Amino acid sequence: RVIGGEEPAAPPLRVHARIELVLGDKVQFEAFGLRASVAGTLRVEDEPGAVPQGLGELRVTVGKYRAHGQDLEVETGRLIFARGPIDNPGIDARAVRRAGDVIAGVQLRGTLREPEVTLFSTPPMAQADILSYLVLGVPIGQAETGSGGSLMAAATALGFLADSPVAHQLRQGLGIEELRVESDSGGETLSVVLGRYLSPRLYVSYAVGLGESESALRMRYKVGRNWTLETETGVQSGADLRYVIEK
């Protein structure tokens with residue numbers, strides 16, 4: 001007992017945990033676009049002051065993955081825990097879409113934080129055609145220009161940058177002159193912007209929102225030497241008349 005002072009705080013409880021999770025035959029998972037039956041065994045080891053570790057494997061037995069308005073069949077889906085951080089397991093996943101005699105698919109390997117994405121198909125075809133089959137069910141040559149936003153949003157979500165060979169093939173196939181990724185002033189939302197000159201004076205672009213952000217159609221028309229009319233139609237619509245002085 002301490003006379004004339006506060007009682008010393010009790011030392012924090014140090015917990016050493018060993019938890020084993022065994023999934024039976026009737027475990028269902030539905031989130032992030034995935035609807036699947038999941039099986040496997042996972043052992044979680046938690047030591048004071050250390051990152052929880054995982055050991056085991058969880059696998060998809062039957063599943064569908066919905067992305068960009070399409071349902072892909074999950075042929076392989078495994079999360080592999082090799083006594084590493086439980087929030088960064090190894091990943092081995094493969095999902096396909098069948099369109100007539102064509103099978104188009106995407107494969108993910110590596111780790112959950114840094115997956116390596118590969119597109120494949122039967123019969124073999126260009127990467128842009130595979131992506132077009134996954135999203136639209138047709139090759140890039142048969143895709144409508146208006147569907148370019150969905151294709152580029154899918155390409156960006158899979159980690160294909162604006163200067164990648166896949167993006168270059170998509171630009172050529174869709175006749176797009178500009179392709180870039182932009183964010184709002186706060187950096188909270190991202191959009192893929194596709195643009196093209198319809199005439200020397202008229203430029204049209206379409207911004208496709210990624211995630212929860214919305215899409216917008218923009219037009220820029222050069223009225224005169226220094227005057228430009230800009231319009232945007234989307235969640236918020238408006239028009240601006242700009243006067244630019246060139247020095």
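Points worth noting:
- Residue count, segment 178-196 (criterion: open to solvent by 60 Å² or more (accessible area, probe 1.4 Å) and modelled with pLDDT of 70 or more): 1
- Any hit, segment 118-130, residues being modelled with pLDDT under 75 and β-branched (Val, Ile, Thr): no
- Annotation note: Cβ proximity below 7 Å between a residue of segment 121-133 that is open to solvent by 30 Å² or more (accessible area, probe 1.4 Å) and a residue that is assigned to a helix (DSSP H, G or I) (sequence gap 6+ or interchain) occurs for Ala126/Gln169; Gln127/Pro165; Gln127/Val166; Gln127/Gln169; Asp129/Ile140.
- Enumeration of residues in segment 197-225 that are at pLDDT below 80 and part of a strand (DSSP E or B): Tyr206, Ala207, Val208, Gly209
- Subset of segment 11-21 [open to solvent by 80 Å² or more (accessible area, probe 1.4 Å), out of contact with any Leu (no Cβ under 8 Å at 6 or more places or on another chain) and outside any loop (DSSP other than H, G, I, E, B)]: Arg18, Ile19
- Within segment 158-173, the set of residues being among the aliphatic types (A, V, I, L, M), modelled with pLDDT under 70 and open to solvent by 10 Å² or more (accessible area, probe 1.4 Å) comprises Leu161, Ala162.
- Residues that are at pLDDT 90 or above and charged (D, E, K, R), drawn from segment 102-115: Arg109
- Residue under evaluation Asn88, criteria (1) part of a strand (DSSP E or B); (2) closer than 30 Å to Asp25 by Cα; (3) at pLDDT 90 or above, criterion not met: (1)
- Within segment 61-82, restricting attention to residues that are open to solvent by less than 40 Å² (accessible area, probe 1.4 Å) and of a type outside the set (Gly, Ala, Ser), the residue that is modelled with the lowest pLDDT is Leu72.
- Considering only residues in segment 30-51 that are open to solvent by 30 Å² or more (accessible area, probe 1.4 Å) and free of Cβ contacts under 8 Å to residues at least 24 places away in the same chain, the one that is farthest from the chain's Cα centre (by Cα) turns out to be Gly49.
- Under the condition of being of a type in the set (S, T, N, Q), open to solvent by 50 Å² or more (accessible area, probe 1.4 Å) and at pLDDT below 70, the residues counted in segment 134-157 number 1.
The values are calculated or read from the model by the stated rules, or taken from the named source; none is laboratory data. Predicted model only: the values in this text are computed from it and were never measured. Reconstructed Cβ throughout: ideal geometry from the backbone, glycine too, with neighbour counts over all protein chains shown. The accessibility values were calculated without ligands, DNA or RNA, using every heavy atom of the protein model including side chains. Shrake-Rupley method; radii C 1.70, N 1.55, O 1.52, S 1.80 Å.
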